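The values are calculated or read from the model by the stated rules, or taken from the named source; none is laboratory data. Quick caveat: nothing in here was measured; it's all calculated off a predicted structure. Cβ coordinates were reconstructed from backbone atoms using ideal geometry, including for glycine residues, and neighbour counts include every protein chain displayed. Areas reflect the complete protein model, heavy atoms only, side chains present, ligands, DNA and RNA absent. Shrake-Rupley method; radii C 1.70, N 1.55, O 1.52, S 1.80 Å.
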Amino acid sequence: MVWSPNCLKLAVATADRTVLLFDDNGDRKDKFSTKPSDPSASRASYVIRGIAFSADSTKLAVAQSDNIVYVYKLGENWNDKKVICNKFTQPSAVSCLIWLSSGIIVAGLEDGRVRALHCKNNKSQNLYGTESMAICLASNTRGTGVISGHDDGSVVRFYLVEENS
């Protein structure tokens with residue numbers, strides 16, 4: 001589950017691959033179903049591994065075990081149609097993700113890679129890779145740096161832009 005940056009929406013991913021949306025009072029306002037990366041696959045072929053809101057709280061990234069991250073445009077009103085505006089196919093299963101305040105989505109993969117996903121041009125790129133699955137991600141408040149935790153206990157710090165300090 002994740003709160004939107006404007007603190008008006010709470011998104012909860014369920015075991016049945018549905019995303020529930022709650023308001024700031026905890027009242028359920030909307031829900032939508034996710035979909036598999038392969039249209040011929042069953043809905044039971046994947047699980048949701050992570051969700052993250054955009055900085056403006058209007059989009060939600062959904063990381064899935066079937067090697068994809070979908071970005072859903074949520075709309076301005078609660079009952080607006082939820083549409084996929086970006087698809088990011090990955091080389092292995094996505095294990096975690098965060099959406100930086102700078103606008104970049106960062107995804108950790110089971111194969112140890114950490115990748116940047118750019119919504120403006122729908123492109124992905126490797127930031128770095130290790131030999132161990134990425135299990136968690138965190139960022140600094142400026143959205144310029146990422147820390148990843150890996151299954152072997154290693155922690156990697158990466159800056160997307162050069163820091164002055």
Residue in the stretch 94-105 that is surrounded by the fewest Cβ atoms within 10 Å (Cβ to Cβ), counting only those that are on the phi < 0 side of the Ramachandran plot and in a loop (DSSP other than H, G, I, E, B): S102
Quick check: is even one residue across the stretch 117-125 touching a Ser or Thr at 6+ places or on another chain (Cβ under 6 Å), without any contact (Cβ under 8 Å) to a residue 60 or more places away in the chain and closer than 17 Å to Q90 by Cα? yes
Within the stretch 58-68, can one find any residue that is more than 14 Å from V2 (Cβ to Cβ) and among the basic types (K, R)? no
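Name the one entry in V83, V47 that is over 24 Å from C136 (Cα atoms), surrounded by fewer than 21 Cβ atoms within 10 Å (Cβ to Cβ) and of a type in the set (A, V, I, L, M).
Values: V47 fails: over 24 Å from C136 (Cα atoms).
Among V83, V47, only V83 is over 24 Å from C136 (Cα atoms), surrounded by fewer than 21 Cβ atoms within 10 Å (Cβ to Cβ) and of a type in the set (A, V, I, L, M).
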If only one of G112, G103 is over 23 Å from D23 (Cβ atoms) and modelled with pLDDT under 95, which one is it? G103
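Taking strands (runs of 3 or more DSSP E) that do not extend beyond the stretch 106-165, which have at least 1 residues that are open to solvent by less than 80 Å² (accessible area, probe 1.4 Å) and among the charged types (D, E, K, R)? Explain how you work it out, then say what you get.
Numbers: elements: 113-118, 123-129, 134-139, 145-150, 155-159.
Fully inside the stretch 106-165 and qualifying: 113-118.
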(1) buried (at least 18 other Cβ atoms within 10 Å of the Cβ); (2) touching a residue at least 40 places away in the same chain (Cβ under 8 Å): which one isn't true of A55, the others all being true? (1)
Could you list, in sequence order, all residues of the stretch 58-71 that are open to solvent by 10 Å² or more (accessible area, probe 1.4 Å) and either charged (D, E, K, R) or in contact with a Cys (Cβ under 9 Å, 6 or more places away or on another chain) (or both)? K59, D66
